[in-house]
Structures are given as C-alpha cells and as structure tokens.
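Scroll down for the structure; my scribbles are underneath it.
Laboratory data are not the source of any read-out in this text; all were calculated from the coordinates shown. This structure is a prediction, so every number in the text was calculated from the model and none was measured. Here Cβ is always computed from backbone atoms with ideal geometry, including for glycine, and neighbour counts include all displayed protein chains.
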Amino acid sequence: MSGDIVIKTSTHGSVEVVKVSGFMDMTQVEIFEQMLDTLISSGKMKIVLDFSDLEYIASSALGAIIARIHTTRLQKGDIRIGGHSPVVLDILQSFGFSRVFSLASTPEEAIALFKT
C-alpha cells in the first residue's frame, strides 16, 4: 500500500507541532525531510511530531528525525513524538527508537515536556 502523506503544522508558543497523516513509505520521506529542514532553518528548534493518524512510517523517516535531533539539541531544543498510532508505536519499539525519542501519548503532553 502506498499513498501520499499529509503534513500540517501549527505553532503553540515556542513549539511547532507537525501532524503527519497517511502512509509514509520511502517515496514520501523526502517531503518529510524537507519540512523538517525548513522548520529548523527558520529557527524552530522545539518540534513535536504527531503521528496519531500515521498508518506506517518507513525506517528511513526515523533516520531523518535522528539526523536532525542533534541540530535541535545543540540549540537547546528537541524533536519529540506526541501521539502515535499503534502501528507506528510498534515500529518505534521494534527498531529501538523509543529509547532515542521522547514519546508522549498526545501532542499536548509533548508540549508540556518542553516546559519542564
């Protein structure tokens, strides 16, 4: 199964929430990478990824996130996951990414983690 992803962003104070929906296979990863690069180059260093409506995520997309975490952390920010579908959570856990990412059940919980 393959299809387009839908990416919507919203700003909550100093945190940018990125809601990604659909099916992110390796053909869609470049779109996702470009969006992250645009946010980071514009100074957005606190990013919450909402994957609650994401049906699948390719491991290359997880690699793209990890590659950008370093940049955000150097600037006292981070990339966190706030919301994930059961399928995406399973993928994160099976690849061991749940140890790298801060995982929250909702975007609101992930935003609150930036305040602590």
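In table form, for the structure just shown:
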item	result
Within the chain: Cβ-based charge dipole about Cα centre, in debye rounded to nearest 20 (Lys, Arg +1; Asp, Glu -1)	580 debye
Cα-based reach from LYS115 at 16 Å (exclusive), listing aspartates and glutamates while leaving out same-chain residues under 8 positions away	GLU16, ASP78
Convex hull volume of segment 5-114 per residue (C-alpha atoms, cubic angstrom)	85 Å³
Computed over segment 5-114: relative contact order in percent, which uses C-alpha pairs under 8 Å that are six or more apart	26 percent
Long-range HN-HN contacts of GLY82 with modeled amide H, under 5 Å	LEU49, ASP50, PHE51, ALA104
For HIS12, residues with placed amide H under 5 Å, excluding near neighbours	VAL17
Full-stretch length increase - HIS70, MET35 - with 0.36 nm per residue and alpha-carbon distance subtracted	10.9 nm
Part-to-part distance (alpha-carbon centres) for segment 80-111 and segment 27-49, which is given in Å	17 Å
